[in-house]
Each structure stands twice: as structure tokens, then as C-alpha cells.
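Below: one structure, written as C-alpha cells.
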Amino acid sequence: MSHKATVWAIQQRGLKPATKIVLWFLCDRHNPDFGCFPTQVRLAEDAEMSVSALNNHLTKLEELRLITRVRSYDPRTHKRKATRYILGFEDGFPPEPTPKTGDGIAGTEEEQNADPTPDSGHGAISGFAAKPSPDFAQSHLRNPEINLVREPLSKPVKEEEDAAARDSDFDRFFDELLSALGFATNATLPAWWQCWPARLHVRRWIDDLGLSEDRIIEVATQTRNDHPNPPDGPKALDRFMERAAQRDVQAAAANVSALKFKRSRKAQGKPPPSPDELAAFYAAKVNSDEYLPNGMISTAMCSLMLARGLVTADRLRQRGVR
């Protein structure tokens with residue numbers, strides 16, 4: 001990840017939302033030392049769109065001269081290497097196309113038609129390798145099974161992005177989240193919290209982790225106790241959100257475990273568990289290392305376990321039961 005690259009992406013103006021999202025995630029995959037080599041599958045997954053839609057946006061970014069793609073082949077195996085993406089702010093970005101050559105690379109016609117290959121193994125464009133062999137060219141570049149015609153999408157991606165942008169409920173929630181994190185109303189946000197990449201990141205807490213909006217606000221508020229300064233970006237909260245999701249799963253499992261215990265006795269034709277049996281059941285959980293959700297064990301049950309000598313007061317405090 002390159003902070004310089006992502007800030008540069010945010011500063012670009014006049015792009016459609018989906019195109020700017022692609023540019024931002026492309027910059028997020030940029031390495032200051034080695035360059036930018038993400039696969040199309042990775043970029044499409046990051047931007048939450050199809051590969052065909054991704055290629056449309058990449059083409060648009062090239063037309064606007066914000067990026068350029070350098071494709072290369074291994075001179076020994078003739079296999080295609082990972083595409084190098086050169087970003088507009090990088091020193092190696094090619095100049096404006098010249099009228100004579102029609103591209104930004106000077107040289108003979110043979111050099112211009114040759115496939116670029118990195119000298120250093122990281123996509124440099126200072127040298128050129130020989131073209132792929134004729135057999136390779138026929139089998140790879142003219143493969144009749146490759147369909148070069150993009151099928152139209154059933155619903156334009158632009159419409160989906162605009163619909164998301166008009167989601168007033170999510171806007172309200174996002175503003176509430178920023179307030180819970182300590183950002184003043186109408187304050188200038190850090191770069192990592194600006195634009196749609198931050199909102200897409202927060203949406204993943206809902207879609208991927210299964211957290212509700214209220215739960216996210218609750219976790220964000222809790223982080224303020226140990227971290228008085230607002231986080232620089234949503235990625236700083238990933239660890240807290242993942243732990244909260246894990247605790248929620250464990251809490252649900254613990255409650256299900258208690259319910260199954262009672263149902264199993266009923267299925268076996270046994271009477272409901274006696275207080276002593278319940279005390280033994282909950283004492284086993286207290287003395288184990290499994291997660292205990294808040295409110296699972298009542299104060300009366302704690303007193304009963306202590307009276308029966310099944311647990312100690314220190315153990316209850318260690319487990320956060322009382």
C-alpha cells in the first residue's frame with residue numbers, strides 16, 4: 001500500500017464514482033519500491049464489480065492518462081507476466097503520444113510492436129524483449145475460444161453506484177459512526193475517511209462480518225475509551241470489528257448450548273434440570289476457557305455456584321461474570 005498513491009487518487013476530480021473507486025483500489029495495491037501488479041480478479045473483488053466492468057473503467061483511466069498498462073512475457077517460457085500498472089504520478093509514466101508514432105514510446109517500428117518486459121523483474125519499461133514465438137502467438141493471441149465481445153450487463157454498474165450514493169439511511173449511519181469515533185460535525189476528515197472507498201470498507205463489516213449498524217456504533221464507541229484520538233481510517237478498526245463479530249458468534253453458541261441442555265432433558269423424558277444441575281452446568285463453563293456472554297449467568301446462579309463450592313469468587317471475576 002502507498003499512502004502517496006491513494007492520496008493522489010483521492011485528489012483526482014471529474015471521474016465517475018465507479019471509475020474513481022477502481023483508481024483508488026489500484027493505488028491501494030501500489031508498492032513504492034516494486035510498483036503495482038494486482039490481478040484483474042483481485043481488483044474486481046476489491047471494487048465489487050465484474051471483470052468486464054473493471055476493464056471498462058481501466059480503459060477509461062488509460063484514456064484520461066491517469067494510468068498506463070504494461071504487458072510483458074517471459075522470454076524463456078513465453079508466458080504472460082503480471083500486468084504492470086504505471087500510475088500518473090510515477091516517474092516512469094510515459095509521455096504524451098507523439099504524432100509520429102502514435103504512442104508515448106520512441107523507437108523503431110519493431111521496438112514499438114515488441115512486448116515490453118521489465119528489466120528488474122518489477123515491470124520497468126526501459127527495455128524490450130523479443131516477441132512471443134509464432135506458435136505462442138497463434139495459440140495465445142489468436143485463440144478462437146477467447147470471446148473478445150463483452151456481454152452487456154443486465155444492470156449498468158453506474159446505476160448501482162448512484163443508487164448506493166443515494167442511500168440516505170447509510171449516510172445517516174456513516175455520519176453517526178464518525179460522531180461516535182470523535183469526529184466533529186462538518187470537520188475535515190483524514191484522507192482515509194474520505195470518498196466512497198471508506199464507505200465500501202465499512203459496508204464490508206456489515207456484509208462480510210454480519211455486524212449490524214447498531215453493533216458497529218457500539219464497538220466504535222467502546223474504542224474511544226482506550227483510544228481518545230479518532231482512527232486515521234476504517235482499516236484501523238478492522239481488528240475491533242472482527243473481535244466483536246467473533247464474540248457475537250460465541251455468545252450465540254453459548255446460549256444455544258444452554259438451550260440444548262434443557263431441551264435434551266425434555267427429549268429424554270426427564271424433568272427440567274434442578275438448581276443443582278444448572279449450577280453444575282454453568283460452573284463447567286465458568287471453569288473452562290470458552291467465551292461467556294454478558295448476562296448469560298444470573299446473580300442468583302453465581303451465588304448458588306459459590307454456595308455449592310463449584311467455583312471461586314476470583315474465578316468469577318476473572319471471567320467477568322461478576
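List of remarks:
- Rounded to whole Hz, the Karplus (6.51, -1.76, 1.60) HN-Hα couplings of region 35-51, x for glycine and proline: x, 10, 9, x, 7, 5, 4, 5, 5, 5, 5, 4, 7, 6, 8, 6, 5
- Selection among VAL7, ALA44, LEU58 by position relative to the dipole of region 1-79 gives LEU58 as farthest towards the positive end (Cβ unit charges, Cα centre).
- Heavy-atom accessible area for LYS20, with the other protein chains in place and a 1.4 Å probe, reaches approximately 40 Å².
- Per-residue SASA entry for SER264, accessible area with 1.4 Å probe, Å² rounded to 10: 50 Å²
- For region 229-240, the Karplus equation 6.51 cos²θ - 1.76 cosθ + 1.60, evaluated at θ = phi - 60°, returns couplings of 8, x, x, 5, x, x, 4, 5, 9, 4, 4, 5 Hz by residue, with Gly and Pro reported as x.
- Sequence of ARG319, ARG263, ARG243 from largest to smallest accessible area, 1.4 Å probe: ARG263, ARG243, ARG319
- Ranked from largest to smallest solvent-accessible area, with a 1.4 Å probe on the protein heavy atoms, PHE37, PHE281 come out as PHE37, PHE281.
- The 1.4 Å probe gives accessible areas that order TYR85, TYR282, largest first, as TYR282, TYR85.
- Residues of region 7-74: accessible area per residue with a 1.4 Å probe, Å²: 45 Å²
- Under Karplus coefficients 6.51, -1.76 and 1.60, residue-wise ³J(HN,Hα) of region 270-286 in Hz, glycine/proline x: 8, x, x, x, 6, x, 5, 5, 5, 4, 5, 4, 6, 5, 4, 6, 5
The values are calculated or read from the model by the stated rules, or taken from the named source; none is laboratory data. Nothing here was measured: the structure is a model prediction, and the numbers come from that model. All Cβ positions, glycine included, derive from the backbone under ideal geometry; neighbour counts span all protein chains shown. Quick note on the areas: whole protein, heavy atoms, side chains included, nothing else; ligands and nucleic acids left out. Shrake-Rupley method; radii C 1.70, N 1.55, O 1.52, S 1.80 Å.
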